[in-house]
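Engineer: The structure under discussion is supplied below as structure tokens; questions concerning it will follow.
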Amino acid sequence: MAADAPWHQGPRACFDLETTGRDPQQARIVTASVVLVSPAGDVLQEWEWLADPGVEIPEEAAAVHGVSTDRARAEGRPVAEVAAELSEVLAGFWREGVPVLAFNAAYDLTVLTRETERHGLPAPEPFPVLDPFVLNKQVHRYRRGKRTLGALCEEYGVVLDAAHTSAEDALATERLAAALADRFAELRQPAAALHEAQIGWAAEQAASLQEYFRRKDPTAVVDGTWPVHPRP
């Protein structure tokens, strides 16, 4: 596909993690999924991993994704191996200019980056990345209600049968991004251009949210770096 063609006219990969917690600086990988999709939206190839994160999986996290500490230890592979293989799969797409789609990408990619650093592994250079969370906030700024993957899939008619499994969430992310591109012409850009635009959009969105939070908490800080948060 030509580099100046809109991203939705070419192949794309989608990516999702389930983890041990909400803080991307500390969370460990539990499951990971990558799905390669054709220009027509057909699934071409899938990768899935179950990791033993090396730490206890909190009950709150296990209740979300269904993987207990006992199961991860019994069935999962060492998280360093999973992080290495996942990074290489994603890096392969980025070397070929294939965009990787992730919902709230700054969370998943920060988790992966910290995981690679933790185990002395090279972190892939994340470019280009497309994030339906950022894209939706840009084109529908004053939407009320939650902007979770499930809520947005329902709004845009995307089927999400098993929310909070990494495979289903990854594919739903691609379907949601395609639905957004169908509806909003400004999102039908080449992947590289849209990646660069999202850096600015994410920063603006975070600044707006921080301003809102500071009405009640003057010390509130919202990190707007994208697609990977720096170390605190």
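Engineer: Hey, got a sec? Which trypsin sites (Lys or Arg not before Pro) in region 158-232 land in a DSSP loop and have at most 10 other Cβ atoms within 10 Å?
Structural biologist: Arg215, Lys216
Engineer: Putting +1 on Lys and Arg Cβ atoms and -1 on Asp and Glu Cβ atoms, find which of Cys153, Thr113, Gln205 reaches farthest to the positive end of the dipole of region 7-215.
Structural biologist: Of the options given, the answer is Gln205.
Engineer: Helix hunt in the chain: which complete DSSP H runs extend at least 27 Å axially by C-alpha with mean Kyte-Doolittle at least -0.5?
Structural biologist: Correct list, ordered by number: 191-213.
Engineer: Once Rh is set to the Kirkwood radius over Cα pairs, what Stokes-Einstein translational diffusion coefficient, in µm²/s, holds for region 48-154 at a temperature of 25 °C and a viscosity of 0.890 mPa s?
Structural biologist: Approximately 156 µm²/s, per Stokes-Einstein.
Engineer: Let me ask another. In debye, nearest 20, what is the charge dipole magnitude of the chain about its Cα centre with +1 on Lys and Arg Cβ and -1 on Asp and Glu Cβ, if you could check?
Structural biologist: 900
Engineer: Let me ask something else. Treating only the Cβ atoms of Lys and Arg (+1) and Asp and Glu (-1) as charged, compute the dipole magnitude of region 132-232 about its Cα centre; round to the nearest 20 debye.
Structural biologist: Charge dipole of region 132-232: 440 debye, to the nearest 20.
Engineer: Averaging sequence separations of C-alpha pairs under 8 Å and six or more residues apart, then dividing by the length of region 7-215, give the relative contact order as a whole percent.
Structural biologist: Dividing the mean separation by the residue count of region 7-215 yields 23 percent.
Engineer: Radius of gyration and Dmax for region 120-199's Cα atoms, expressed in Å?
Structural biologist: 13.6, 42
Readers should treat all values here as calculations from the given coordinates under stated rules, not as data from a laboratory. Because the structure is predicted, anything quoted here is derived from the model rather than measured. Here Cβ is always computed from backbone atoms with ideal geometry, including for glycine, and neighbour counts include all displayed protein chains.
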